[in-house]
Amino acid sequence: MKLFIYRNEEETCKAYAGFILREANKCIEKDGMFNLVLSGGNSPKKVFDILIGEPNRETINWKKVKFFFGDERHVPRDDPRNNAFMAENYLFKPLNISEDQIFRVDTSLKPQESADVYWNSILEYFEKRPVVFDLIMLGLGDDAHTASLFPHSDLLKETDEGVRATYLDKEKMYRISLTAPLINQAKNTGILTYGQKKASAVAAVLEGTYDPSRYPAQLIKNPQWYIDVSAASALKESQHF
Ligand code: 6PG
């Protein structure tokens with residue numbers, strides 16, 4: 001596990017954008033492709049702003065990138081809570097990403113059907129090869145969830161790679177999420193989080209007792225952490241610094 005701590009949100013997001021750019025160029029150089037899984041919520045927005053800005057936007061051959069989602073809210077695709085809707089406005093439109101580069105969750109289907117169809121589209125894309133994403137972006141909720149792996153959810157017990165629907169009672173909404181085993185198969189996973197609100201979740205995941213039912217982000221093996229000093233403020237051990 002690598003933990004990178006930055007002075008503020010801006011520097012954290014710049015560093016995370018650099019992480020994506022480095023991995024993208026490495027993969028495109030080596031394999032001619034970059035399979036990137038996007039996280040949702042608000043944290044990625046500033047990273048996307050940095051990626052679409054000069055000079056970054058010119059440093060990647062975006063046509064070689066395929067975009068997937070680590071999780072999706074089961075709401076209509078034009079609902080502002082929809083993660084693909086956010087990515088469309090912050091990343092895909094500004095970079096003129098074509099539709100055939102984007103693997104969306106079809107939320108017009110029933111929840112488990114949305115999950116099954118999405119998972120089948122991923123399997124089809126990877127053909128007979130193992131489903132190993134090059135980089136999976138992850139955020140962290142203040143309850144220590146990541147993707148849509150929420151505390152005490154049945155999804156946390158899932159031992160197979162795949163995509164599942166899970167009902168989130170507090171939001172009265174279904175979520176569609178990659179399972180932890182699938183996330184852990186990726187070449188790189190990077191948790192991006194910043195701000196004081198996340199401090200206790202960061203400390204619980206990194207220094208609390210190992211209890212993934214309470215702190216689901218502990219299921220993620222060896223992620224790289226990109227956080228700011230505010231999100232790091234509850235960490236006890238100077239070993240992290
Ligand atoms: C989602 C995300 C989720 C997110 C965290 C943090 O669909 O909401 O994938 O796991 O990363 O909830 O959200 P913020 O970045 O908005 O704090």
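A few points about this structure:
- Unmet requirement for Phe85, which otherwise passes all of (1) within 26 Å of Gln218 (Cα to Cα); (2) within 12 Å of the ligand (Cβ to nearest atom): (1)
- Filtering region 12-45 to residues that are among the charged types (D, E, K, R) and within 16 Å of the ligand (Cβ to nearest atom) leaves only Lys45.
- For the residues Ala144, Ala84, Ala115, Ala165, the requirement of being of a type in the set (A, V, I, L, M, F, W, C) and on the phi > 0 side of the Ramachandran plot singles out Ala144.
- Lone qualifier among Ser114, Ser108, Ser121 - being more than 16 Å from the ligand (Cβ to nearest atom) and in a helix (DSSP H, G or I): Ser121
- Count - residues of region 73-94 that are outside any helix (DSSP H, G or I) and crowded, with 18+ Cβ neighbours inside 10 Å: 3
- Output for region 182-204, where each listed residue is within 13 Å of the ligand (Cβ to nearest atom) and under 16 Å from Phe150 (Cα atoms): Ile183, Ile191, Lys198, Ala201, Val202
- Considering residues of region 53-82 that are acidic (Asp, Glu) and free of Cβ contacts under 8 Å to residues at least 24 places away in the same chain only, the residue nearest to the ligand (Cβ to nearest atom): Asp79
- Single unsatisfied condition, Phe48 versus (1) more than 19 Å from Leu138 (Cβ to Cβ); (2) within 16 Å of the ligand (Cβ to nearest atom); (3) of a type in the set (Phe, Trp, Tyr): (1)
- Looking across region 160-181, the residues that are of a type in the set (Lys, Arg) and either over 16 Å from Leu123 (Cβ atoms) or within 13 Å of the ligand (Cβ to nearest atom) (or both) come down to Lys170, Lys172, Arg175.
- One residue stands out among those in region 122-154 that are under 16 Å from Arg73 (Cβ atoms) and touching an Asp or Glu at 6+ places or on another chain (Cβ under 6 Å): the one that is surrounded by the fewest Cβ atoms within 10 Å (Cβ to Cβ), which is Ser148.
Here, each number is a calculation from the coordinates, and none is a lab measurement. This structure is a prediction, so every number in the text was calculated from the model and none was measured. Reconstructed Cβ throughout: ideal geometry from the backbone, glycine too, with neighbour counts over all protein chains shown.
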